[in-house]
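One structure is given below, encoded as structure tokens.
Nothing in this text is a laboratory measurement; each read-out follows from the coordinates by a stated rule. Everything numeric in this text was worked out from a predicted model, so none of it was measured. Please note: Cβ atoms are built from the backbone with ideal geometry, for glycine as well, and neighbour counts cover all protein chains shown.
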Amino acid sequence: MRANALGYAEPGALPPTVMPSERQYRREIVFFGRSLHDRGYVAAMDGNLSVRLDENRILATPTAMCKGMMRPSDLVIVDQNGRRISGRREVSSEIAMHLLIYRLRPDVRGIVHAHPPTATGFAAAGIPLNQPLVCEVVIGLGSIPLARYGTPGTPELTEALEPLVPHYDALLMSNHGVVAYGVDLHHAYMKMETVEHFAQIALVTHLLGHQQPLGSAELEKLLVARSKYQGSKSSAALPICVTGQDDEDNHESRRSPDSTPVQVKPRRVTRHS
Ligand SMILES: [Zn+2]
């Protein structure tokens, strides 16, 4: 089987049939940590990543370290209560967020938290990414809601995320950043990229002053496509419909008689309590 430097199968190759070793998970975290830093999704010592090794052990990035400069031996292993089992460095102060997600989502084995500038801009502006503007984002991620603000490293933050974690695969955290999670770290990282890319597209629609969201009929078809989409294991809800959109709504009916797209105001914050 052909594989890249990380051991991932190249397109067309058969998927791996064995679970990666702890050594390989360490290399994955280092690889995706560097990717986050290279892309500008984290600055300085921001962000954290983790992998669920088994029922009781989580491999995570340490605190106070640049995610672009880690070595595999810098990572720490904690138990399901966040107590360090092995590793020389201190565990991330945001480990409670990871533990919450692993507890609520048995299907999740990888988590990425970062501060990508555009998506974090939406989080700081109090605007969720819940408009159905791009069909492939609807299929892959559904909707990206905005969790209310909570001080990092405190129960405030986990309490804000808790009601959303079972229903979505990526969350905006008010005035903070983004967390994305998946069946493995690779999928979690890809979801983080999708969130930031979608945020950039959404920003352009705001700059243009027009949004042309998909209507209910299109969303229904995407729901069918999503259920058939091989490899889609997202549990995320579809985007909620735009205010004032009726059941018959679609591209055509959102146009004014002279075919100028109807301007849709950005939806205000729907804070979850
Ligand atoms: Zn953070």
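Here are a few things to note about the model shown:
- Potential lengthening between Asn56 and Leu104 on full extension [0.36 nm per residue; Cα-Cα distance subtracted]: 15.8 nm
- Principal axis dimensions, largest first and in whole angstrom, of segment 22-208 by Cα: 51, 32, 29
- For Arg89, Arg52, order by how many other beta-carbon atoms lie within 10 Å, fewest first: Arg89, Arg52
- Debye equation applied to the C-alpha atoms of segment 20-124, log10 I(q)/I(0) at 0.10, 0.11, 0.21 Å⁻¹: -0.25, -0.30, -1.09
- The ranking of Ile85, Ile29 by Cβ neighbour count inside 10 Å, starting from the fewest, reads Ile85, Ile29.
- Estimated from the Cβ-Cβ distance and a Förster radius of 25 angstrom, the FRET efficiency linking Ser216 and Glu162 is about 0.25.
- Site pair Ser227 and Arg89 shows an inter-label distance of 4.5 nm when each label is modelled 7 Å from Cα along Cα→Cβ.
- Candidates per GluC sites (Glu not before Pro) in segment 38-121, loop by DSSP, up to 16 other Cβ within 10 Å: Glu55, Glu90
- Segment Ala43-Ile201, extension gain: residue separation times 0.36 nm, minus the distance between their alpha carbons: 54.7 nm
- Size of segment 124-206: Rg and Dmax of its alpha carbons, in Å, are 12.5, 36.
- Taking each residue as 0.36 nm, the span from Arg71 to Cys135 lengthens on full extension beyond its C-alpha to C-alpha distance by 19.2 nm.
- Residue order, fewest to most beta carbons within 10 Å, for Tyr149, Tyr102, Tyr181: Tyr149, Tyr102, Tyr181
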